[in-house]
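Colleague: Provided herewith is a single structure, encoded as structure tokens, for subsequent inquiry.
Read-outs: derived from the displayed coordinates by stated rules, not from any lab. Everything numeric in this text was worked out from a predicted model, so none of it was measured. Cβ coordinates were reconstructed from backbone atoms using ideal geometry, including for glycine residues, and neighbour counts include every protein chain displayed.
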Amino acid sequence: MQTIFRCHSPYTGLDTWLTDHNVKNLLLVCGASAAGLKINEYFNTLTERTGIKVTRFSDFSPNPVYESVAAGVDVFRDRSCDAVIAVGGGSAMDVAKCIRLFSNMDSSRNYLEQVIVPNSIPFLAMPTTAGTGSEATRFAVIYYKGAKQSVTDLSCIPDAVLFDSTVLETLPLYQKKATMMDAFCHALESFWSVNSTPESKSFSREAIRLILTHMDAYLANKPEGNEGMLLAANIAGKAINITQTTAGHAMCYKITSLFGTAHGHAAALCCRELFPWMIKNTGSCIDPRGADYLLNTLHEIADAMGCGTPQEASDRFNAIFDELELTVPEASPSQFAELRTSVNPQRLRNHPVLLDEPSIDLLYHRGGMGGEALTPHKKQAKPVPYGVSPRKSGAGCGFRKHTNFRSRALRSIPSGMQSELL
Ligand SMILES: [Fe+2]
């Protein structure tokens, strides 16, 4: 069971955790952004106040590489550290997870080639965005010789999480929107995943409830909204920790790499097309529990979103995307070709409706990214050219209808946002 501390400076909860675990010498894994946070002051004075030594490790980049992790393991050993604390977003979490995991393994061999030996080194994480839910998952991703390596073990899950809602106050609004939609997609995709369980569904349901409850206050930077969204992202992380993600995430990575679209933004772009498509294609269900089960799940999602039908829930999700004024990149024919062949088939197996290449191509085109689908579907409505007419949205849920056309302007994003994992 993961312990959650909700505290601000002076972080008495963290004092308690360090004392309870008899920590004498901690490794602090943090990105450069941590320097401007109040938690930085806490660690600056920790040795003087308590005698606990602090060794900082920040020598890693977004999309962290194996060599950085190995260097972090060396630091952990050389300094005789006895605990790991991660402060940051997905990259800091990944590095900290792997350092903890590898710290009791054979340093003379490649850690990625060894059998993981679980350990109980105290591990606490403090997320600085509300979205990835990485602090709740058993997954870490690092890169080795340019290839993505997924590391999975229960030892990746921090024993404790510290939520300080004040860290979200200085985030750019776009980053807040994108990370919130990442959490929303985690909850949705986990809900409809073929791997869902009653427990994962209860996490998804609660995450969706929290996101919708706290969205406005979160975007307005109110403390209760920021705190609610941190919890929502964590619970959505617990959901995908059980199920993993599905087609929304499988389809979104190439959008990010081609256009620089933030991870959560790209995932939402995909999910808003997948959701209505799934409603119309439950007959192609590949979940062993059957099409009726899937249809019932879609109704459960609608209920969690306060909507009467799956279509209303899909409309509401779409309306939220538009309300956030998230943009849609425009793809060239060659980029569409890259997109439709980019999707990881392994991850598609988690998706409850069969997705072949023509379907994926169709969904990318429906995303409003321009052009005509190369393989038109018989039931496909003629794509609406961008800017001609906004899609109808918000039907049935009392969500106000959007008034903004989607802009094609691409945004530059902080590089750290491109390293989301799940
Ligand atoms: Fe994600």
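Colleague: What is the antiparallel percent of DSSP beta bridges lying wholly in the chain, to the nearest 5?
Modeller: Antiparallel bridges make up about 25 percent of those DSSP assigns within the chain.
Colleague: Of the residues ASP322, ASP20, ASP159, which exhibits the maximal mean-square fluctuation in a Gaussian network model of the chain defined by a 10 Å Cα contact cut-off?
Modeller: In the Gaussian network model the winner is ASP20.
Colleague: Add -39500 (n - 2.57) for each DSSP H run of 4 or more in the chain, then divide by its residues: what number comes out at 222 nm, to the nearest 500 deg cm²/dmol?
Modeller: -14500 deg cm²/dmol
Colleague: Near the amide H of VAL84, under 5 Å away, which other amide H atoms are found, from residues 5 or more places off or on another chain, if H is placed in the peptide plane?
Modeller: Long-range HN contacts for VAL84: LEU27, PHE123, LEU124.
Colleague: Under a GNM of the chain (C-alpha, springs under 10 Å), which listed residue has the highest mean-square fluctuation: GLN311, GLN244, GLN346?
Modeller: GLN346
Colleague: What is the Å³ per residue value for the convex hull set by the Cα atoms of the chain?
Modeller: In the chain, the Cα hull volume divided by residue count equals 129 Å³.
Colleague: At R0 = 30 Å, how high is the FRET efficiency between ASP15 and ASP74 if r is their beta carbon distance? Nearest 0.05 is fine.
Modeller: In this case the efficiency is close to 0.55.
Colleague: How much FRET efficiency would the formula 1/(1 + (r/R0)^6) give for GLN2 and GLU330, where r is the Cβ-Cβ distance and R0 is 60 Å, rounded to 0.05?
Modeller: 0.90
Colleague: Further question: May I ask you to list the trypsin sites (Lys or Arg not before Pro) in segment 201-309 that are in a DSSP loop and have at most 14 other Cβ atoms within 10 Å of their Cβ?
Modeller: ARG289
Colleague: Kirkwood-based Rg over Rh for segment 198-327 (C-alpha set), two decimals?
Modeller: 0.96
Colleague: At a Förster radius of 22 Å, what calculated FRET efficiency corresponds to the Cβ-Cβ distance of ASN40 and LEU154, to the nearest 0.05?
Modeller: Here the calculated transfer efficiency is 0.15.
Colleague: Straight-line reach from LYS24: which aspartates and glutamates have a Cα under 20 Å away, not including same-chain ones fewer than 8 places off?
Modeller: ASP15, GLU41, GLU48, ASP74, ASP78, ASP82, ASP159
Colleague: Can you compute the charge dipole magnitude of segment 83-138 about its Cα centre, using +1 on each Lys and Arg Cβ and -1 on each Asp and Glu Cβ, nothing else charged? Give it in debye, rounded to the nearest 20.
Modeller: 60 debye
Colleague: Also, I was wondering about something else. Residue-wise, which Karplus ³J(HN,Hα) couplings in Hz belong to segment 306-313, taking 6.51 cos²θ - 1.76 cosθ + 1.60, θ = phi - 60°, and x for glycine or proline?
Modeller: Each residue of segment 306-313 in turn: x, 10, x, 9, x, 5, 5, 5 Hz.
Colleague: Roughly speaking, what is the stretch gain from ASP303 to ARG56, that is 0.36 nm per residue apart minus the C-alpha to C-alpha distance, in nm to one decimal?
Modeller: Contour length minus the Cα-Cα distance gives 84.4 nm.
Colleague: Rounded to the nearest 20 debye, what is the charge dipole size of segment 10-101 about its Cα centre when +1 sits on each Lys and Arg Cβ and -1 on each Asp and Glu Cβ?
Modeller: 100 debye
Colleague: Please identify, among SER107, SER204, SER342, the residue showing maximal mean-square fluctuation in a Gaussian network model of the chain using a 10 angstrom Cα cutoff.
Modeller: Evaluated over the chain, the most mobile residue of the options is SER107.
Colleague: Of the listed pairs LYS145/LYS177; LYS222/LYS254; LYS238/LYS280; LYS38/LYS177; LYS38/LYS201; LYS148/LYS201, which have alpha-carbon separations greater than 27 Å here?
Modeller: Among LYS145/LYS177; LYS222/LYS254; LYS238/LYS280; LYS38/LYS177; LYS38/LYS201; LYS148/LYS201, the Cα-Cα distance tops 27 Å for LYS145/LYS177; LYS222/LYS254; LYS238/LYS280; LYS38/LYS201; LYS148/LYS201.
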